[in-house]
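Working notes, structure below.
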Amino acid sequence: MIDHLAEFFAELGMTGTVIWTMIKILCITVPLPIIVAFITLAERRVIGAAQWRFGPNRVGPKGLLQPFADVLKMLFKEIVWPERANKMLYITAPLLVLLTAIASWAVIPFSDYLWLANIDAGLLYIMMMSSIGVYGIIIAGWASNSRYAFLGAMRSTAQLISYELAMGFSLVGVILLTNSLNLIEIVRHQEGGVLNWHILPLLPLFFVYWFAGIAETNRHPFDMAEGESELVAGFHVEYGGITFALFFLAEYINMMIISVLIATLFLGGWLAPFPVLNELTIFSVAPLGDGFLWLALKVVFFLFVYLWIRATFPRYRYDQIMRLGWKVFIPLTLIWIILVAIATQWSRLFG
Amino acid sequence: MSEFHHYELNFGPQHPSTHGVLRLLLTLDGEVVVKADPHIGMLHRGTEKLIEHKTYLQALPYMERLDYMSMMGNMHAYCIAVEKLVGIDVPLRAQYIRTMFDELGRITNHMLWLGTCALDLGAMTIFLYCSREREAIFDIFEAASGARMHTAYYRPGGVYRDLPDEMPKYTPTPLRSQKALDEMNADRQGSLLDFIENFAKQLPSRVDALETLLTDNRIWKQRNVGIGVIAQEDAIKMGCSGPVLRASGIAWDLRKKQPYAAYDKVDFDIPVGKEGDCYDRYLVRVEEVRQSIRIVLQCVDWLKENPGAVMTENRKIAPPPRAEMKTNMEALIHHFKLFSEGFHAPAGEVYAAVEQAKGEFGVYLVSDGGNKPYRVKLRTPDFIHLSMLSKMAPGHMISDVVALIGTYDVVFGSVDK
């Protein structure tokens, strides 16, 4: 059906293409905030269960309307402008963070035919977006005119520099294996069951990317840019109401992005773990075959681990995070990249 | 040439990890603290002055409100001071009850400390696990005295009343099924002592569970090992006491060195640390919880076999039984005088100290022979520990200052008095 629609719009020429693209963009951006809203509910319920309590269960059946109550509360709160803050930058920061978080979704392949843009440098595009997103945090810390926010922004900058490197290096391993920066190509390279997934040859890089991703999204135990017990709320300490909600939204969208990327780069994206599942058909449809379902399952798993970690671990200290990044992650990825490079070029070099 | 300035950060008084209302002026060089200047006094209530205008009995509840996390220990010190001043003996059963409740109080304090300290370092689940254990202890306090936190259970001359034979049970509500109700009341079928015994026997496994989350956790160790080291000499010089002193390797515990109540009749060990860093303070406190459980169980055994009076027979100090007042004129007069004028203490001065959960809690009382203390001076351990902060904090990072405040175990009720 999607093919028919695409063809229909393609026949309309330029306008048709634009309309079709807009529809696709809406299909991604409209569900995102709703999913985020329910992730926050899931977070509170999961952590509640971990902590021997209930979590929100009063608004609506099983607390399912709680996210909407939260959103309404945020919307109707007054935006407080800090004294002598730079208003322009102060309002730009959350927009920038959110914008880049949403823009990253443009190149994510949801299944073997569902994506917005199929660009060859997809991986670079996502790296770029996540790097720009950190500017939002820095600007927020600077524009708030608050010492706590400023310290949070400083920490965030240092974290960006060290963990973007580790993340970038672990991606190099993937690129070496697949010879492509295109996310769709990367997934297709992993076809043929769980043994072909990149997680096996790139196991250390998988873990580095995962932990660096947690650090990149400012989540526990690397959340020192917010560090509640130290910096109160870090870079967004002065933000309230909807401006805070934008930061919050961006943080959770970034969590999802990282989870999707781990699934795509290392765990075969939309691919089913066993090719046999593609042959179990009902009315010529394989319900457990390759498709969005598998991507969603993988993403849900990684999101759950985010919450699990948050409920379990103490927080790292700022310099310890730096040490972990520079002295453990980066050397590890460098060594593994060299090994991967030798392994992939073995036949050309010596054979 | 531009001038170089350090970064000044106003840490508190409204801050998630200042344990109340500590205002800390931090001078930072990057993340490293150059100077820490604690400002206290936001919770000053003038307890010492207030007590000068209260009778000896009326002054008692103020003691619990000093360190509102280990209420029993504070009251105990005050009661011992008054008993010394007036010269009365406390029945042995009351001594044992006090010992047991002191130790339960120590467990609540250490549980809250562990929870908040872990929360400060980012491990938030511990806090709720600890709250669960504290809840059981508050139920015990409530069953014994009628109040959960500020019990006013100890009185000069003994304790307010004997332990009840029945543990209060949860009552049916429309929201609870009978099955859930039975489950909640399962360990409440016997007396209070049975409940305490049951609780104390379960607690070690729960402390184990807390320890699996923290003790060998790499992040927890990185945050605590080698942070805020207090050398032995410094600890003595600054007047540290309690777990902070013992973590530095000095086996000083008033319960052993100057036994009071029934501490010389029960068997327990004093945990001692080596390095005097945050991690040792954590280990010492966790081990203290285990030792407290030992003491509680011994007290429960003794109390089960030895019924008896829990209050002195001296009617000038302790009120007469209610029934006696209905028939006996003298008892009625005693009651009236005791609760209007109070009792008079002979002129003199006295110092009494107990090993409260945070350290040595001392009460210095001066009496001029009247029914109210002439002067009271309270020696609170956290005040002394907090005064070390300006010495300890420089050279550490902001996150370590949080760990430092956390492991000193300060409660502002007793810092500000």
Counting every C-alpha pair in region A:77-350, the percent lying more than 32 Å apart is 28
Taking Cα atoms only, helix B:192-214 is inclined relative to the longest principal axis of chain B by an angle, in degrees rounded to 10, of 0
Bin width 5 Å, origin at 0, all Cα-Cα pairs of region A:152-209: what percent of pairs per bin? 4, 18, 22, 21, 13, 9, 7, 4, 1, 0
Suppose every K and R has +1 on its Cβ and every D and E has -1 on its Cβ; what is the size of the dipole of the protein assembly as shown about the Cα centre, in Debye to the nearest 20? 1240
Loop only by DSSP, 14 or fewer other Cβ within 10 Å of the Cβ. Give me the trypsin sites (Lys or Arg not before Pro) in region B:163-201 that pass, ordered by residue number. B:K169, B:R176
Unsatisfied cross-links (Cα-Cα over 28 Å) in the set B:K221/B:K417; B:K257/B:K358; B:K265/B:K372; B:K274/B:K358: B:K221/B:K417; B:K265/B:K372
Taking only Cα atoms of region A:8-95, the Rg to Rh ratio with Kirkwood Rh works out at 1.18
Candidates per GluC sites (Glu not before Pro) in region B:5-86, loop by DSSP, up to 11 other Cβ within 10 Å: none
Mean Cα-pair separation over length for chain A, i.e. relative contact order, pairs under 8 Å, 6 or more apart, %: 20
If you find the alpha carbon centre of region B:185-255 and of region A:31-92, how far apart are they in angstrom? 37
Membrane-span-like helices in chain A: DSSP H runs reaching 20 Å or more (Cα, own axis), mean Kyte hydropathy at least 0.0? A:14-29, A:31-50, A:87-103, A:122-143, A:147-178, A:241-266, A:292-312, A:330-350
If the convex hull is drawn through the Cα atoms of region B:120-239, its volume per residue in Å³: 192
Residues other than A:R219 with Cβ under 10 Å of its Cβ, Lys/Arg counted +1 and Asp/Glu -1, net out at -3
Given charges at Cβ of Lys, Arg, Asp, Glu: region A:77-350 dipole, positive-most of A:F266, A:F302, A:M154: A:M154
Computed over chain B: longest principal axis from alpha-carbon atoms vs helix B:71-86 long axis, angle to nearest 10 degrees, is 50
Leaving out ligands, DNA and RNA, what percent of the accessible area of the protein assembly as shown is carbon and sulfur, probe 1.4 Å? 63
Return one number: the angle in degrees, 0 to 90 and rounded to the nearest 10, between the long axis of the Cα atoms of helix B:329-340 and the longest principal axis of the Cα atoms of chain B. 20
Long-range amide H partners of B:H39 with built H, under 5 Å: B:R23, B:L24, B:L25
Alpha carbon Rg of the protein assembly as shown, scaled by the compact-globule rule 2.2 N^0.38 Å: 1.16
Just to confirm the filter: which chymotrypsin sites (Phe, Trp or Tyr not before Pro) across region A:1-65 are DSSP coil and have at most 14 other Cβ within 10 angstrom of their Cβ? A:W52, A:F54
Among residues of region A:116-162, a drop of 50 Å² or more in 1.4 Å probe accessible area, assembly relative to the chain on its own, occurs for A:R147, A:Y148, A:L151
Using the Kirkwood radius over C-alpha pairs as Rh, can you work out the diffusion coefficient of region B:4-69 via Stokes-Einstein at 10 °C, viscosity 1.306 mPa s, in µm² per second? 111
Could you pull out every one of the lysines with an alpha carbon less than 16 Å from that of A:K87, ignoring same-chain neighbours closer than 8 positions? none
Chain B: relative contact order in percent, alpha carbon pairs under 8 Å with at least 6 residues between: 26
For region B:285-417, with the dipole built from +1 on Lys and Arg beta-carbon atoms and -1 on Asp and Glu ones, taken about the Cα centre, which of B:W302, B:A345, B:G395 lies farthest toward the positive end? B:A345
At a temperature of 25 °C and a viscosity of 0.890 mPa s, determine how fast region B:202-266 diffuses translationally according to Stokes-Einstein, using the Kirkwood radius over alpha-carbon pairs as Rh; express D in µm²/s, rounded to the nearest whole number. 170
Looking at region A:30-55, which residues lose a minimum of 50 Å² of accessible area between their chain alone and all protein chains in place, measuring with a 1.4 Å probe and not counting ligands or nucleic acids? A:Q51, A:W52
Where the centroid of each part is defined by its Cα atoms, how far is region A:295-351 from region A:242-274 in Å? 16
May I ask for the Rg/Rh ratio of chain B, computed from Cα atoms with Rh as the Kirkwood radius, given to two decimals? 1.00
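The values are calculated or read from the model by the stated rules, or taken from the named source; none is laboratory data. These numbers were taken from a predicted model, which means no experiment stands behind them. When we count neighbours, we look across all protein chains shown, and the Cβ atoms used for this are built from the backbone with ideal geometry, even at glycine. These accessible areas exclude ligands, DNA and RNA; they are computed on the full protein's heavy atoms, side chains included. Shrake-Rupley method; radii C 1.70, N 1.55, O 1.52, S 1.80 Å.
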